[in-house]
Structures are given as structure tokens and as C-alpha cells.
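Taking it in order: structure first as C-alpha cells, then the write-up.
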Amino acid sequence: MQDVFTIANKNFKSRLIVGTGKYKDFKETADAVKASDADIVTVAVRRVNISDKNQPLLMDYLDPKSITYLPNTAGCYTSEDALRTRRLGDKKTLYPNMIETIKSTEILVKEGFEVMVYCTDDPILSKKLEDTGACAIMPLAAPIGSGIGIQNRTNITLIKEQSTVPVIVDAGVGTASDATIAMELGCDGVLVNTAIAEAKNPVLMAESMKHAVLAGRKAFKAERMKKRKYGCSSSPQENLI
Amino acid sequence: MNNLNVAKIQLNGSPYEINIETNLNQLLNKLRIKKTKVAIEVNGAIVEKNKYPKVILNKGDKVEIVHFIGGG
């Protein structure tokens, strides 16, 4: 049976979303994206360098017709304020400023954008974002780029339980097992950038993330066994020699 | 003496001179930028690509030409 991932009425095959920052070059970016099997990539929107227009372009390497571009400052075109606030956060921890995030979500939703919101792992604020009209909730597992994995499984589980829109763990994944844990907790997807881009072999790590997300998703769907305090034999105890 | 045929605009945050009556298609042609690769905002509002020939730039307009780059 196909396990379709739906965000804002659009269907995707892969539950892994990959970022396109921090790679050595666009070739490596494209190779990693291909190995990850992701249908969605995150991108940044920046000014074109008017004085040097011969620089290679991301779009020459990743065809926007075959892969979905998710601008990480979504909706910045029509709401200058929202663009600025999206960038607001603590400079050291890069934690999102949730008060400003809620305000910009409100503006962007009113303007008709589908907003997938990066946020802290706070269940109350996540609910507020959903009520404000976010089409996906993207709580951080840990500070962005930290690679230390899911710090608060309880919160991520609570957020998933209460949400009617997809919950995608965004930020903090360091290696494959972190992505698997996010999926085992029942999250709908995982977003990974630095863990792939900063691996010694990014393309191999991208492939590993693909399998990690698939494994975690299947484990979640299979519904894991109950935990026991003591050992329990797997072989029958009867008819021993 | 001021040249009446040119107008100063703000392009990506810097002053830039254009011929008067320049539309967005002409601006991109002059800059040798392919319209399929960028998005343009004029005075805070994004302009749809099919409207580029109709949008004539005026003195003082703030134009932002943006594109997608790698990001997480």
C-alpha cells in the first residue's frame, strides 16, 4: 500500500525534505538530493548579484519542474515585514522568535500563502500556529545545525498527537538514527540539511537518511512491541531436553 | 545638467540609472538576466512574469531582483 505524504493538498512520495545549503558546490547538492530521493528541497531567496551574473544557478542543477522548491522565507515577496520577522531569532542559538513567527504566519495566511512553519517544540505555540492557519508544523529537534538529535521526545510526541496538519521535524538531526526516531514518534516527515551537507560523504549520508526515514515510518506503522522491565525468552520453555 | 532621458531607481539596494519608459523585460535584457530564473519585486509587491512588459519603471522605484540559492 502506498504511504502518501500530503501537505496542503499536494501529495509527495518521500517523507524526507532536504535543505540545499552548505554544500561544496551545486553538483554535490544535486547528487545528494538525488541520493536522498526527496521530492521537496528547501531553498533561500536572495538578491541576484547584478555585477556578477555568470555565477552558476541552483535551478540549473535542480529542476524546479521535477522537484518542489520550498523557499525557507516563504511568502517574502509580498510581505516585507513577514520576511524580516522570519529571519528574526536569537543570533547565538538561532531559536525562532515565536511571537514574531505567529505574527508573520497570520499575515502570510491572510495573503493566501500555504505556510509551513519552523517553530520551537512547544505544544501550546504549535497549536496556536495550527489555529493561525499553518499548513504544516515544523518543530525543531534541537538548535538548527547542532546535529544533536531530538532533545525532547515528549514534546514532539505531544505536538504530533494534537496536530491535524503534518508535523515535520526540522533542525537538529545529526545522523540517520535521529531521523528514524522522529519518524518512530509518529512525525509525518523530517527535514535535514547540515547532517547531510557536513557529513564527510554527503551523498552517502543522503542515501542513509532516505532509508532512516523509511525505516522509522515503517516501524511506526507496524506499532512497536511493549517494553518490559525484565527479560523474556523468545524460545519455548516446554519440552526441554 | 540633468539628463531628462534617464531616471534613477534603487536596484537591489543600490542606485541604478535606467532610460525613462524602461519596462521590466527591457531591464532584464539590459542586465542580461533570464526572466525564467528570477522573481522581481517593485516597491514591495511581486510582479507576475506576464506583466513584465507592462510594468514601466519610474524615478525612485525600488526594484528587487531575487533568485533561489542553496539554503536549509
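Test each condition in (1) in contact with a strand residue (DSSP E or B) (Cβ under 7 Å, 6 or more places away or on another chain); (2) surrounded by fewer than 14 Cβ atoms within 10 Å (Cβ to Cβ); (3) within 13 Å of chain A (Cβ to nearest Cβ) for residue B:71 and report the one that comes out false.
(2)
Which one of B:46, B:40 is under 27 Å from residue A:72 (Cα atoms), open to solvent by 50 Å² or more (accessible area, probe 1.4 Å) and in contact with a Phe, Trp or Tyr (Cβ under 8 Å, 6 or more places away or on another chain)?
When all the criteria are applied, what remains is B:46.
Please go through the stretch B:15-33 and pick out each residue that is surrounded by 13 or more Cβ atoms within 10 Å (Cβ to Cβ) and either more than 14 Å from chain A (Cβ to nearest Cβ) or not in a strand (DSSP E or B) (or both).
Narrowing the stretch B:15-33 to residues surrounded by 13 or more Cβ atoms within 10 Å (Cβ to Cβ): B:16, B:18-20, B:22-29, B:31, B:33.
Those that are surrounded by 13 or more Cβ atoms within 10 Å (Cβ to Cβ) and either more than 14 Å from chain A (Cβ to nearest Cβ) or not in a strand (DSSP E or B) (or both): B:19, B:20, B:22, B:23, B:24, B:25, B:26, B:27, B:28, B:29, B:31, B:33.
Quick check on my filter: what residues within the stretch A:14-44 are part of a loop (DSSP other than H, G, I, E, B) and touching a strand residue (DSSP E or B) at 6+ places or on another chain (Cβ under 9 Å)?
Within the stretch A:14-44, A:14, A:15, A:20, A:21, A:22, A:23, A:37, A:38, A:39 qualify.
Open to solvent by 40 Å² or more (accessible area, probe 1.4 Å), touching a helix residue (DSSP H, G or I) at 6+ places or on another chain (Cβ under 9 Å) and aliphatic (A, V, I, L, M), is that true of residue A:240?
Taking the combined requirement at face value, the residue does not satisfy it.
Go through the stretch A:181-200 and give me each residue that's over 15 Å from residue A:140 (Cα atoms), open to solvent by less than 80 Å² (accessible area, probe 1.4 Å) and either of a type outside the set (Gly, Ala, Ser) or in contact (Cβ under 8 Å) with a residue 40 or more places away in the chain (or both).
A:196, A:197
If you check A:50, A:102, which single one turns out to be more than 10 Å from every other protein chain (Cβ to nearest Cβ), more than 18 Å from the chain's Cα centre (by Cα), at pLDDT 75 or above and surrounded by 13 or more Cβ atoms within 10 Å (Cβ to Cβ)?
Matching residue, one of A:50, A:102: A:102.
What tally of residues in the stretch A:105-122 results from selecting those that are surrounded by fewer than 20 Cβ atoms within 10 Å (Cβ to Cβ) and either more than 14 Å from chain B (Cβ to nearest Cβ) or modelled with pLDDT of 95 or more (or both)?
Counting residues in the stretch A:105-122 that are surrounded by fewer than 20 Cβ atoms within 10 Å (Cβ to Cβ) and either more than 14 Å from chain B (Cβ to nearest Cβ) or modelled with pLDDT of 95 or more (or both) gives 6.
The values are calculated or read from the model by the stated rules, or taken from the named source; none is laboratory data. Just so it is clear, the structure is predicted and the values come from calculations on it, not from any experiment. Glycine also receives a Cβ, built like all others from the backbone with ideal geometry; neighbour counts cover every protein chain displayed. Remember, those area values only see protein heavy atoms, side chains included, never the ligands or the DNA or RNA. Shrake-Rupley method; radii C 1.70, N 1.55, O 1.52, S 1.80 Å.
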